[in-house]
Amino acid sequence: MRSYNLFQLKAVEGLCCAVPEASIVPPFIGAGRWTFGGKLDGDSRQPLDFDDRAADTAVRFNGFYLFQTMDRRFIA
């Protein structure tokens, strides 16, 4: 699994953005609307709704992976 920085949107419960650790954080993450939610890597438990294959595809095209989670550990 690739390592990601995880960001959570404050206004929408459970909406997350995973950005590869080696990538630039997208500009929409700024302006105080998102909060840093930690790191996801092979050593940490990922959200139950996180799909590795979908993340790889999304990162290839967009540079980030947006997903909704119901996993209480990752809801801001």
Applying the selection to segment 36-55, what residues are open to solvent by less than 70 Å² (accessible area, probe 1.4 Å), within 15 Å of Cys16 (Cα to Cα) and not small (Gly, Ala, Ser)? Leu40, Gln46, Pro47, Asp49, Phe50, Asp52
Restricting to segment 14-23, give me the number of residues that are open to solvent by 80 Å² or more (accessible area, probe 1.4 Å) and under 11 Å from the mean Cα position of the chain (by Cα). 1
Can you pull out every residue in segment 24-35 that is closer than 19 Å to Arg2 by Cα and loosely packed, with under 12 Cβ neighbours inside 10 Å? Ile24
Does segment 4-13 hold any residues that are touching a Lys or Arg at 6+ places or on another chain (Cβ under 8 Å) and exposed (fewer than 13 other Cβ atoms within 10 Å of the Cβ), and which are they? Lys10, Ala11
Keeping to segment 6-51, report how many residues are out of contact with any Cys (no Cβ under 9 Å at 6 or more places or on another chain) and assigned to a strand (DSSP E or B). 11
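The values are calculated or read from the model by the stated rules, or taken from the named source; none is laboratory data. Just so it is clear, the structure is predicted and the values come from calculations on it, not from any experiment. Note: ideal-geometry Cβ built from the backbone for every residue, glycine included; neighbour counts use all protein chains shown. For accessibility, only protein heavy atoms count, side chains too; no ligands or nucleic acids. Shrake-Rupley method; radii C 1.70, N 1.55, O 1.52, S 1.80 Å.
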